[in-house]
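This report concerns only the one structure given below.
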Amino acid sequence: MRKWNYAVAACVLPAMLLGGCAEQLGLPVEDKRTDDQIISDFLTAYQEGNFEAMEPYFDEDNLLRLFCQGQENGGEMAEVYKKVWELTKDFTFTAEAVEGKEAWGEVTLHLQSNEIVSGIPDAMWSAIQTQAENGDDSFANLPKWLGDALETGGAVDEELTVYVSHRSDGDRIDSSACREFYEQLTGGFYDYIDMTMTTCTSENDTYYVAAQGDSIVGMVETAVQTEGTEGLTEEDVQAYGDSFHAMDGVAASASLNEEGNVVLQFGVDFNRASSTALANLGVISDRVTSSGGYLSLWSTIDSFKQGGMTCETNDFGSGAASSEEE
């Protein structure tokens with residue numbers, strides 16, 4: 001009993017003598033840092049690659065959680081994330097708490113960095129065209145074209161407002177309110193962190209669908225037509241593929257295989273192609289469904305499965321696929 005009383009007495013001694021008692025008893029330790037110090041420490045941890053120090057400040061839906069954990073997972077996306085970090089870690093900043101707005105955790109951040117993603121749209125379109133024309137895996141190999149497109153681009157010098165949210169379970173740098181902050185921190189790559197490639201197959205049809213979260217951005221279809229192909233020549237089917245060449249954001253090719261069946265390769269960059277043209281072709285209204293103003297991956301997968309297709313989503317080790325399923 002005396003030993004127990006002694007231990008309790010020790011914990012009520014001045015913190016300057018025994019500051020570890022709260023931690024030993026499992027009690028929360030108050031963070032005495034100011035909000036601007038929290039932001040500064042967070043940014044310094046990013047520069048140093050100390051992702052463990054950053055993670056306590058993430059909401060569950062923060063894509064930087066995938067970015068940090070993905071570099072340790074060893075998948076193909078890990079190499080992309082590492083390249084992003086190497087290209088973005090050498091920024092400069094100043095952070096200053098906004099006087100009178102301490103209750104809202106408001107911090108003015110001056111961040112000088114570089115964008116690194118301006119080449120991604122063209123890289124994806126090029127990969128779509130190559131796979132649609134050659135039938136290879138240029139587009140399906142998402143980490144390859146995504147990583148190759150990354151490079152230091154134009155300078156970005158902005159003043160942002162960042163918010164530190166104080167909660168009962170700790171402080172957070174809110175992923176929604178501070179989205180612009182996370183985008184600039186990663187050179188614009190924040191929107192690409194959760195990219196996936198979904199492959200849906202049936203007996204004579206295969207789709208490769210790239211998405212950012214639930215939003216579809218590109219696809220390539222390989223379809224084999226086995227009926228009504230008698231008498232067709234290579235010139236006939238090539239003319240069919242050539243008929244799509246005038247459509248922006250659409251790539252196509254057609255050929256005859258050894259069995260005399262028509263093999264159609266059809267690719268779409270949904271950021272480039274006209275939604276009206278795609279609807280006229282039946283691409284959106286039939287196979288790719290629109291939900292809430294964007295093309296929904298999960299609605300599309302459901303549609304494919306209802307049509308008898310088998311679908312598998314590959315996140316290349318990032319954890320984005322399992323995160324969406326939750």
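Descriptive notes on the structure:
- Filtered residues of the range 94-105 (kept if at negative phi and buried (at least 18 other Cβ atoms within 10 Å of the Cβ)): A95, A97
- Residue count for the range 177-213, restricted to those that are in contact (Cβ under 8 Å) with a residue 60 or more places away in the chain and out of contact with any helix residue (DSSP H, G or I) (no Cβ under 8 Å at 6 or more places or on another chain): 7
- With respect to the conditions (1) touching a helix residue (DSSP H, G or I) at 6+ places or on another chain (Cβ under 6 Å); (2) on the phi > 0 side of the Ramachandran plot, K82 lacks only one, and its number is (2).
- Filter result for I216 (over 24 Å from F51 (Cα atoms) and in contact (Cβ under 8 Å) with a residue 12 or more places away in the chain): yes
- Members of the range 49-63 found to be touching a residue at least 24 places away in the same chain (Cβ under 8 Å), in a helix (DSSP H, G or I) and over 13 Å from G170 (Cα atoms), listed by number: L63
- When the range 128-150 is filtered for residues that are among the small types (G, A, S), within 18 Å of the chain's Cα centre (by Cα) and farther than 21 Å from E86 by Cβ, only A140 remains.
- Among the candidates D122, D41, residue that is modelled with pLDDT of 95 or more, under 24 Å from the mean Cα position of the chain (by Cα), over 21 Å from A321 (Cα atoms) and not small (G, A, S): D122
- Within the range 64-82, the set of residues being assigned to a helix (DSSP H, G or I) and open to solvent by 50 Å² or more (accessible area, probe 1.4 Å) comprises Q69, E72, N73, E76, E79, K82.
- Subset tally (residues that are open to solvent by less than 40 Å² (accessible area, probe 1.4 Å) and touching a Gly at 6+ places or on another chain (Cβ under 6 Å)) for the range 149-164: 2
- Pairs are defined by a Cβ separation below 6 Å, a sequence spacing of at least 6 or placement on different chains, a first member in the range 295-307 that is closer than 16 Å to A210 by Cα, and a second member that is charged (D, E, K, R) and surrounded by fewer than 22 Cβ atoms within 10 Å (Cβ to Cβ); the pairs so defined are S296/D214; L297/D214; W298/D214.
- Matching residues, the range 95-124, being small (G, A, S) and part of a loop (DSSP other than H, G, I, E, B): G100, G105, S118, G119
- D171 meets each of the listed conditions (1) acidic (D, E); (2) open to solvent by 40 Å² or more (accessible area, probe 1.4 Å); (3) part of a strand (DSSP E or B) apart from (2).
- Within the range 30-42, residues that are over 12 Å from Y57 (Cβ atoms) sit with their Cβ atoms under 8 Å from residues that are outside any helix (DSSP H, G or I) and at pLDDT below 95, at 6+ positions apart or across chains, in these pairs: T34/A97; D36/A97.
Residue by residue, here is whether (1) over 21 Å from G49 (Cα atoms); (2) at pLDDT below 95; (3) in contact with a strand residue (DSSP E or B) (Cβ under 9 Å, 6 or more places away or on another chain); (4) outside any helix (DSSP H, G or I) holds:
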{"site": "V84", "(1), (2), (3), (4)": "no, no, no, no"}
{"site": "F93", "(1), (2), (3), (4)": "no, no, yes, yes"}
{"site": "S126", "(1), (2), (3), (4)": "yes, no, no, no"}
{"site": "D137", "(1), (2), (3), (4)": "yes, no, yes, yes"}
{"site": "E159", "(1), (2), (3), (4)": "yes, no, yes, yes"}
{"site": "S165", "(1), (2), (3), (4)": "yes, yes, yes, yes"}
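- Scanning the range 124-148 for residues that are more than 21 Å from G317 (Cα to Cα), touching a Phe, Trp or Tyr at 6+ places or on another chain (Cβ under 9 Å) and either open to solvent by 20 Å² or more (accessible area, probe 1.4 Å) or among the hydroxyl-bearing types (S, T, Y) (or both) returns S126, Q129, T130.
- Residue within the range 215-230 that is at pLDDT 80 or above, out of contact with any Gly (no Cβ under 9 Å at 6 or more places or on another chain) and of a type outside the set (A, V, I, L, M) present: yes
- Filter pass, G153 being modelled with pLDDT of 95 or more, under 17 Å from the mean Cα position of the chain (by Cα) and not aromatic (F, W, Y): no
The values are calculated or read from the model by the stated rules, or taken from the named source; none is laboratory data. Just so you know, these numbers come straight off a predicted model, no measurement behind them. In this analysis, Cβ positions are derived from the backbone assuming ideal geometry, glycine residues included, and neighbour counts consider all displayed protein chains. Side chains are part of the model used for accessible areas, which takes the heavy atoms of the whole protein and leaves out ligands, DNA and RNA. Shrake-Rupley method; radii C 1.70, N 1.55, O 1.52, S 1.80 Å.
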